[in-house]
Amino acid sequence: MAAGTEVEIEVSKLKDHPSNPVYTTSLDSESFSTDAEDQQDYVVKYLEKELGSDLKSLKNVGDLLEKLREENNVLEGQVLTVSSSVPPKVSEALSTAADAGCSLVDLLQREQFISNMLNQGAQPWMDNLGQMLNQVDTIGRHMKYLRCLQRIEELSAAVQQCLMTSSVWEAIRAVDSMAVLDTGLNQSGCFHLQDFLQETLHFWHKIIKDRLASDFEKVLTQLQWPIVTPPTQSLTPTANHQEINSQLELLVTQLLALQTSDDLLSQRALASCVTSTQPVSSVAPPSKGPPLCLPIQIMLLPLSRRFRYHFYGNRQTNSLSKPEWYLTQVLMWMSNSSTFMEEKIQPILERAGVTTSARVELCRGLLSLVQEKVASDASRLLYDDMLFCHLVEEVLQFEKELRCNQSYPAVLPGLLHLLLEDAILQKWLTVEKKKRYRTLPCPSAQLKFLGLQRELVDDFRIRLTQVMKEESRCPLGVRYCAILNAVNYIYTILGDWGDNVFFLQLQQSAVSLGEEMLLGGLGVMDVGRLASLEGSLFEGLLALLDRLKGDMMGRLLEWTMREIAEKAKPYCQDRWLSLPSQYDLSTMSLSSSACPMMLCVRDRLLNLHQVLSLSLFQLAWQGLAERLDNFLYQDVILSNHFSDGGAAQLQFDMTRNLFPLFGHYCKRPENFFKHVKEACIILSLNLGSAILLRNLLKESEEEMRDWAGAGDLSPQSALHELGVYCLASCDVLILLNLRACRTGQ
């Protein structure tokens, strides 16, 4: 039992040692439990495994114990050996690292030395190699250049061979390959090669295009193109109509295949024209869209020749006074050709995979003729109002029919953009400003237009009134002020028209003809005033506009004064009676209670100056000055008593701070604050002058005698000497009673 106990103790020691080989090997890496019961169970299992269930094997307990002791001693020795050998190994590792660092430095130096030697020795080789590479690159570029040149010659020879054998499709493909090659050479910098390729492309493209165009025109002639008269019922198809239709489709398809090279040449020609000319207008031209497809270009040739024959040169049909002739003719061509384009050309385009509308393309081509003609005529009519007005009217009518009857897409430009050129647009505005109906020969017709004009102006006034009511919640806003500007502008224009000779003549015509529409509702006196030219036909509108302008201005100033009065409350309640005399203050400064009011006045003046027209702003600041003068006189001066210091402070605030705010808009702003200015004069009088003035005014009230007749100084003369012209004698007495130092009983 003693031996068994010792075995258990040794095994428990082994178990607690983390580096025990028995723990890791003999026990098959099984984990030990920290609980006592688990340790006992493990010991029991271990003994059963080593000794077995045979009691005779207990004699081996001593050997097992000796074995465990030896293993324990070995482990303890290893632990001690490792613990004692760690510092020497660290030192050895550090020494090895230092040696390695020195070796590394040495290797780096050797590497640098060898690299320098190699560079010095290899530099000539590298230079020679660079020259050889440059030569190779040059030769390579020369080879590419020669290959391109060879390719151009091959394509040129192929086109020639195909045309000799009437292989049109192969010739078109070869020309298309030239166009692709030309596009690829755009950024190459080989200008001579590009020029050669472009000349070759243009040469063969023209030959093919001319051949196809000639055949296409022959087929179109058989189909009775161009259709310049309204089409009649189609006749019985001829015997060869299928052959003609086949030829038409073949030629249209071949021309479409030639479109790529044609577009390329057209774009290059357009670019050269743009770079060689300067823009003549600040208005950006509208997008011209893609070029016309080649079949449509050829179909337009006979129409273009007819247009230039009739509407250019010395022909009678080329008349500046008759733009409707060529405009109507083009609309007729569009209408007459629409059926042919939709039935003959459009199906071929669709089978060829082209999404363009044949009818729209033809209209676009005809429009280019009209655009050129209108631009030329408009520039020649800038100094003839009548002909210019007629041209504008015809252009507007043409645009309407083009969009409605011909269903021309809105995304494509028509003729209206021509009227946006600077000179033409300015002329149009000038003509509209004169009103074009003055050229009518009949006065009654002119009066009808005048009645319509007055009606339109009145409708606009009513609309402005409606919008003003919506904006009246914020009279200081930008929209409200914009409406006020509009009302004032119309009022000014109508006033000018009332003095215009043309409208005065119409006024005489209206009186002589008894025009009911213009004179209806007027009495005999009013008609007499019109006959004597004392009034005008616009008096009714002017009165309504003036009332609207007055109401809006009054509301604007009312809101402004409401805001200023709110800011001025501290100033109205200031202790004017207790302020020290002026000589007690080293320097005068603005009253602190007046700062919010002054800032509000300044800001409102600046804002009104920005949003109102000049004439309206003059009315606004003068009206504001009048209201502010009454407000300060009633709520500040008459509502307080003033000491000498208070009077001096009030005068300083007004003359040195308030009045200069309005001095930006007039030379003598104090003239618009007469009550405040004269009240400050009375309040600032020295005591002796105030007493004499009060006595003079009191005696004048009591005796009511004629001071001027007696030769003595009258009250008015005394006030005028002081600079008081607005205030009455009773008002001056009230002000004298507001002084802290009474001037007498």
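Of all residues in region 342-361, those satisfying the criterion of being of a type in the set (D, E, K, R) and farther than 11 Å from residue 296 by Cα are 342, 343, 344, 350, 351. Among the residues of region 140-149, are any of a type outside the set (Lys, Arg), more than 27 Å from residue 268 (Cβ to Cβ), open to solvent by less than 100 Å² (accessible area, probe 1.4 Å) and at pLDDT 85 or above? Looking through region 140-149, at least one residue is of a type outside the set (Lys, Arg), more than 27 Å from residue 268 (Cβ to Cβ), open to solvent by less than 100 Å² (accessible area, probe 1.4 Å) and at pLDDT 85 or above. For the structure I just gave you, tell me whether residue 456 is part of a helix (DSSP H, G or I) and of a type in the set (A, V, I, L, M). Against the criterion (part of a helix (DSSP H, G or I) and of a type in the set (A, V, I, L, M)), residue 456 qualifies.
Counting just the residues of region 374-386 that are open to solvent by less than 70 Å² (accessible area, probe 1.4 Å) and among the hydrophobic types (A, V, I, L, M, F, W, C), which one comes out nearest to the chain's Cα centre (by Cα)? The extreme case among them is 375. In region 543-563, the qualifying residues are those that are hydrophobic (A, V, I, L, M, F, W, C) and within 13 Å of residue 484 (Cβ to Cβ), and the one that is most open to solvent (accessible area, probe 1.4 Å) is 559. Under 7 Å between Cβ atoms, which residue pairs at least 6 apart in sequence (or on different chains) link something in region 590-608 that is in a helix (DSSP H, G or I) with a partner that is among the basic types (Lys, Arg)? Partner pairs satisfying both residue conditions: 596/567; 597/567; 600/567.
Summed over region 326-340, residues that are within 42 Å of the chain's Cα centre (by Cα) and farther than 21 Å from residue 397 by Cβ total 0.
Test of understanding: among 193, 212, which residue is part of a helix (DSSP H, G or I), in contact (Cβ under 8 Å) with a residue 24 or more places away in the chain and farther than 15 Å from residue 297 by Cα?
The unique qualifying residue is 193.
Scanning region 417-451 for residues that are in contact with a helix residue (DSSP H, G or I) (Cβ under 9 Å, 6 or more places away or on another chain), of a type in the set (A, V, I, L, M) and in a helix (DSSP H, G or I) returns 418, 419, 423, 424, 425, 431, 445, 447, 450.
Selection within region 204-228: residues that are among the β-branched types (Val, Ile, Thr) and farther than 30 Å from residue 154 by Cβ. The member of this set that is most open to solvent (accessible area, probe 1.4 Å) is 221.
Of all residues in region 487-524, those that are open to solvent by 80 Å² or more (accessible area, probe 1.4 Å), among the aliphatic types (A, V, I, L, M) and at pLDDT below 75 total 3.
Name the one entry in 685, 628 that is modelled with pLDDT of 95 or more, out of contact with any Cys (no Cβ under 8 Å at 6 or more places or on another chain), closer than 24 Å to residue 588 by Cα and surrounded by 15 or more Cβ atoms within 10 Å (Cβ to Cβ).
Of 685, 628, the one residue that is modelled with pLDDT of 95 or more, out of contact with any Cys (no Cβ under 8 Å at 6 or more places or on another chain), closer than 24 Å to residue 588 by Cα and surrounded by 15 or more Cβ atoms within 10 Å (Cβ to Cβ) is 628.
From the list 324, 350, 361, pick out the single residue that is modelled with pLDDT of 90 or more and open to solvent by 50 Å² or more (accessible area, probe 1.4 Å).
350
Among 375, 358, which is among the small types (Gly, Ala, Ser), under 23 Å from residue 256 (Cβ atoms) and touching a residue at least 24 places away in the same chain (Cβ under 8 Å)?
358
For region 406-447, a residue qualifies if it is open to solvent by 60 Å² or more (accessible area, probe 1.4 Å), of a type in the set (Val, Ile, Thr) and in contact (Cβ under 8 Å) with a residue 40 or more places away in the chain, and exactly one does: 439.
Restrict the check to region 659-671 and report whether at least one residue is part of a helix (DSSP H, G or I), of a type in the set (Phe, Trp, Tyr) and on the phi < 0 side of the Ramachandran plot.
yes
Right, residue 129: within 56 Å of the chain's Cα centre (by Cα) and either surrounded by 10 or more Cβ atoms within 10 Å (Cβ to Cβ) or outside any helix (DSSP H, G or I) (or both) or not? No, not satisfied.
The listed residues are 690, 679, and the only one of them that is modelled with pLDDT of 90 or more, among the small types (Gly, Ala, Ser), crowded, with 19+ Cβ neighbours inside 10 Å and closer than 16 Å to residue 740 by Cβ turns out to be 679.
One residue stands out among those in region 387-405 that are free of Cβ contacts under 8 Å to residues at least 60 places away in the same chain and more than 33 Å from the chain's Cα centre (by Cα): the one that is nearest to residue 437 (Cα to Cα), which is 389.
The values are calculated or read from the model by the stated rules, or taken from the named source; none is laboratory data. Keep in mind that what you see is a predicted model, and the values were worked out from it rather than measured. Don't worry about glycine lacking a Cβ; one is built from the backbone with ideal geometry, like all the others, and counts go over all protein chains shown. For the accessible areas, the whole protein counts, side chains as well, though only heavy atoms, and no ligand, DNA or RNA atoms are used. Shrake-Rupley method; radii C 1.70, N 1.55, O 1.52, S 1.80 Å.
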